[in-house]
Amino acid sequence: MKSRYSDYLCPFQKARNMFFSVFRGSLFYFYLALFLLFAVSAEAQQTVSGKVSDGETGLALENVTVLLQKADIHFHTLQDGSFVLKTAVLPDSLLISATGYKRASFWVDDRQLSFDIRLERQEIELGQVSVVSRRMLAEVMSVDLKMNPVNTSQDFLRKVPGLFIAQHAGGGKAEQVFLRGFDDDHGTDIAVSVDGLPVNMVSHAHGQGYADLHFIIPETVENIDFGKGAYYADYGNFNTGAYVNLQTFDRIDNSSVKVEGGMFNTVRTVGLFNLVHENRQNMYVAGEYGYTDGPFEVKQNFNRLNLFLKYNQWMNDRSYFNIQASTFNSKWNASGQIPERAVAGGLVSRWGSIDPTEGGNTSRSNVSVNYKYFPGEDERWESMFYYTNYNFRLFSNFTFFLNDPVHGDEIEQKESRNIYGTTNEYAKNFYFDNSSLVWKSGFGFRYDDIGNMELNQVYRRYTLLERKSFASINETNLYACTSGEWKSGKWTVNPALRLDYFIVGMEDKLDYEAEQGVSKARLSPKLNIFYNFNAAYQLFLKSGTGFHSNDARVVIAQDGQNVLPYSIGGELGAILKPIPDLLIQPSLWYLFLQQEMVYVGDEAVVEPSGKSRRFGADLSIRYQPISQLYMDADFNYAHPRFTDEPKGADYIPLAPVFTATGGVSLKLNSGLSASLRFRYMADRPGNEDYSATAKGYFVNDLALTYALKQWEWNVQIQNLFNVQWYETQFYTETRLQNEIEPVSDMCFTPGYPFFLKAGIKYSF
C-alpha cells in the first residue's frame, strides 16, 4: 500500500530538482527583469489611446483586453477604462474584448488614434476569454459560475480547481480544506477574503487560520478571484498554498425572492431587494434564513440567519465610494466523528453518535468602507477600512472517554474578538517607447483584540469540569508591498516584494503572569514571468515565498521561535487555447514549508510538525463547443512528505494525493438547464507510516433549472447515486465507555446520502 504511487516518484523528483535550480537562480532573474525594464528601443512610436465603457450604463470598464493585432501589442484598461499603447506599426486593427461583452474592432491609422468605445453586453462564453488577459482566471470563473451556479457558501471554495472541502461538525463549523497536498485544517494555508475583507482568524480558539464563509449569501457573489501558490504581493498571512477572494455584486439587475425545501426537514429562503438602481449609484439589501435537521440520528437543529447591505456611488468621474455591512448568526448540534470499530461492532449506526451533546454557535458582523480616487488617467489610489465583531463557541469530543472515563472528554472552545484594519494601494502606469510598466505599492494593518480565549473540559456542554486554557490576546500585522508589471512585446515580467511585521501579546489568566509579547518580521520576494507566443498560447514561470503566522499561544510558549514559518515555491505551466472554445491549463509545481510549532487547540498542547515538501501537477480543461453546452474537468496530483522523517514514516496524514472534479452543463434557449457534476478523491495516508488509510470517494450531484419570464424553478440532488462515503476521517486514539484500553483507528463523519431539495424564485 505504501508504494502504490511509487511509479510517479521518479519524474516528479526530477521536476523537483529542476525547480530547486530555478529558485537558487531567482536573484539572477530578478536583476535580469530590472535590466530589461530599462532596455527600451529608439524606434519612432505612435500613441493609440482611448476609453472603454459599458454601453448600457456608461460606466468605465476595467481590465478590458485591448490588442493591436498586427503589432501584437496588448494592454488592459485601467479602473477609469482608459488605455494607452505605443506602436511603430500603422495602420493596424484595434481589437477590444471583455468577458460578458461583444467583441469590437476598429481601424487605426494616422488620422484615427483616439477612441471612445462603448461595449454591448452579451452572455458570457468561453470563446470570449483571452489568454493575454490579466484577469483570465477570473473570466474563466465567470463562465463556470454562469454554467454551474452555486447554492451554498461552501460551494464557492469547491469552484477553485483542486480544492476540496469537508464538513464534520453539524454544518455550522468552518469546513476542512484540502488543496495541493495540504490538509489545510480550516484555513491554515489558504488566505480567504470577501471583497478584500479578511476571513481567516489568527490565533483562533479552534485552529489557526480558521476561515468561516457561512456569513456569505451565495446569490450576492458575482465572481471568485483565486490564485495557487504564494506568488502575489497583495496577499500575506496564510497565502502559502493559495488565496481565494469572493467578489459580491456592486449592483443587481432585479429584486428577487427564493424559497427552497427538501429532505431532512430542510428549508431555505433568500431575498434580494434593489433600493437604489441608477447608473452611478446603487444600493441593495439581501437576507437569508436556513434550517435543516440533517440525516443524522441526533437532529442538527442547524439554523442560520444572514443579512447583507451594499451601497456604492461614483461621486464624479474620478471618485468612487462603497460601503457594505453584514451580520450572521448560527447555531447547531453535531454528531461528531465516530470510530469505525463502533459501527462494525453494532454499538452505533453509521448515522449515530458517541456524544450527542456536541455542537455550537457563532456570529459575525462586518462593516467595510472602500474609497477609490483617480488623480489622472494613468494612476489610482484605493483605500479600505474595515471592522469585524466575532463570537464563537464550539463543543467537541474527539477521544470520548480516553482521559475521563466517568464524564467523558468533551471540550468547549470559546472566544470573542474585535478586528480593525485597513488596506491602501497606489498604482501608476508608465509608458516607454516599446514597453509599459504598471507599478503598485501598498500598506496596511490588521489588529485583532481577543478579549477571552478559552479551552475548557465540560460535561454535556454546561457543566464546567476544568479550565485548561484562558487568555486574552492582542495581535497586530503591519505590512507594506510593492510590485511592477513590465510588458515588452511578448514578455511580461512581474517582480514583487512584501514586508510583514507582527506584534503579538498575550495575558495568561490562569497563571496571572504579566503580559508577554514578541515581534517578528517576514520579507517575501516574488517573481513571475509570462511569455505570450500569441493571443492563444502563454507560458509562465511563477515563484515566491510566503508564510503563515503561528498561534499566539505557540509563539509565547516557544519564546518567539517560529513565529512566521515561511514557504518557498514555484510553478511552471502554460495556458493554451488551440481553438477559441477550448482552454487547457497544465502546470508543474513545487512547495517547501519550514518547520513550525503547531498549537493543537483541541488539547491545549504545542506539537512539532517538522519541515515538509510537496510537488505535483495540475491539469484544467474547459470546453464549450456551442453556447448551450459546457464541459469542465480538473485533475490534481500531489506528492506531500515530511523531510525530517525516515522514508516510510514521512507521510503527511490526510494530505490529498490525487483528486478530480468536473461535469457537463446544458442550457437550452427554452429556459431549461441541467448540470451533472462529479468529485473524486483517491485513498490517502491516514497516519505517518500509511498503516491506516483515509478512504477515497466518488460522488455525483445533479441540478435542474427551468426559467420562464420572471419565474425560476430548480431541483438539486446531492449524492445522486446514494453512495456510502466518508466526508471526514481522522486517525485518532480513543476509548469507548465499555473499553478498558484505548484503541487507535480511523474515526469518520459520513458524507451526505441521497439528498433532494427543490425551490422556486420570483424576480421583479
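The values are calculated or read from the model by the stated rules, or taken from the named source; none is laboratory data. Fair warning: this is a prediction, and the values are worked out from it, not measured in the lab. Backbone-built Cβ (ideal geometry, glycine too); neighbour counts: all protein chains shown. Side chains are part of the model used for accessible areas, which takes the heavy atoms of the whole protein and leaves out ligands, DNA and RNA. Shrake-Rupley method; radii C 1.70, N 1.55, O 1.52, S 1.80 Å.
Filter segment 82-100 for residues that are assigned to a loop (DSSP other than H, G, I, E, B) and more than 19 Å from M136 (Cβ to Cβ); which is modelled with the lowest pLDDT?
Per the stated criteria, the residue is A88.
Out of Y284, Y291, I need the residue that is open to solvent by 20 Å² or more (accessible area, probe 1.4 Å) and at pLDDT 95 or above. Which one?
Y291
Just to check your reading of the model, which residue among D183, D189 is surrounded by 24 or more Cβ atoms within 10 Å (Cβ to Cβ) and among the acidic types (D, E)?
Step by step, each of D183, D189 is checked, and only D189 is surrounded by 24 or more Cβ atoms within 10 Å (Cβ to Cβ) and among the acidic types (D, E).
In segment 655-681, what residues are of a type in the set (A, V, I, L, M), outside any strand (DSSP E or B) and open to solvent by 10 Å² or more (accessible area, probe 1.4 Å)?
Answer for segment 655-681, where residues must be of a type in the set (A, V, I, L, M), outside any strand (DSSP E or B) and open to solvent by 10 Å² or more (accessible area, probe 1.4 Å): V657, L668.
Within segment 723-759, which residues are open to solvent by less than 60 Å² (accessible area, probe 1.4 Å) and of a type in the set (A, V, I, L, M)?
V723, L736, V743, M746, A758
What tally of residues in segment 682-720 results from selecting those that are open to solvent by 20 Å² or more (accessible area, probe 1.4 Å) and assigned to a loop (DSSP other than H, G, I, E, B)?
So the answer is 9.
If the requirement is being over 20 Å from V367 (Cα atoms) and touching an Asp or Glu at 6+ places or on another chain (Cβ under 7 Å), which of these qualifies: N312, N282, N301, N316?
N301
Of the residues R121, R111, only one is touching a residue at least 24 places away in the same chain (Cβ under 8 Å), surrounded by fewer than 20 Cβ atoms within 10 Å (Cβ to Cβ) and either over 26 Å from the mean Cα position of the chain (by Cα) or farther than 30 Å from P295 by Cα (or both); which?
On inspection, the qualifying residue turns out to be R121.
Yes/no per residue for (1) at pLDDT below 95; (2) farther than 30 Å from Y459 by Cβ:
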position: E377; (1), (2): yes, yes
position: T388; (1), (2): no, yes
position: F398; (1), (2): yes, no
position: P405; (1), (2): yes, no
position: G408; (1), (2): yes, no
position: S416; (1), (2): no, no
position: Y420; (1), (2): no, yes
position: N424; (1), (2): no, yes
position: F430; (1), (2): yes, yes
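Only residues that are of a type in the set (S, T, N, Q) and either assigned to a helix (DSSP H, G or I) or more than 15 Å from D634 (Cβ to Cβ) (or both): list them for segment 142-162, please.
If the condition is that a residue be of a type in the set (S, T, N, Q) and either assigned to a helix (DSSP H, G or I) or more than 15 Å from D634 (Cβ to Cβ) (or both), then S142, N151, T152, S153, Q154 are the ones that fit.
Just name the residue that is nearest to the chain's Cα centre (by Cα) out of those in segment 149-161 that are open to solvent by less than 10 Å² (accessible area, probe 1.4 Å) and modelled with pLDDT under 90.
Per the stated criteria, the residue is F156.
Take V140 and decide whether it is among the β-branched types (V, I, T), touching a residue at least 24 places away in the same chain (Cβ under 8 Å), surrounded by 20 or more Cβ atoms within 10 Å (Cβ to Cβ) and in contact with a helix residue (DSSP H, G or I) (Cβ under 9 Å, 6 or more places away or on another chain).
yes
Check segment 88-101 and report whether any residue there is closer than 22 Å to G671 by Cα, in contact (Cβ under 8 Å) with a residue 60 or more places away in the chain and over 22 Å from the mean Cα position of the chain (by Cα).
Looking through segment 88-101, none of the residues is closer than 22 Å to G671 by Cα, in contact (Cβ under 8 Å) with a residue 60 or more places away in the chain and over 22 Å from the mean Cα position of the chain (by Cα).
Just give me the residues in segment 561-597 being open to solvent by 20 Å² or more (accessible area, probe 1.4 Å) and assigned to a loop (DSSP other than H, G, I, E, B), in sequence order.
The answer is Q561, N562, P580, D581, Q594, Q595.
I need every pair where a residue in segment 454-466 that is more than 16 Å from F400 (Cα to Cα) has its Cβ under 7 Å from the Cβ of a residue that is of a type in the set (F, W, Y) and not in a loop (DSSP other than H, G, I, E, B), sequence separation at least 6 or different chains.
E454/F470
V177 - would you say it is open to solvent by 10 Å² or more (accessible area, probe 1.4 Å) and within 18 Å of the chain's Cα centre (by Cα)?
Judged against the criteria, V177 is not a match.
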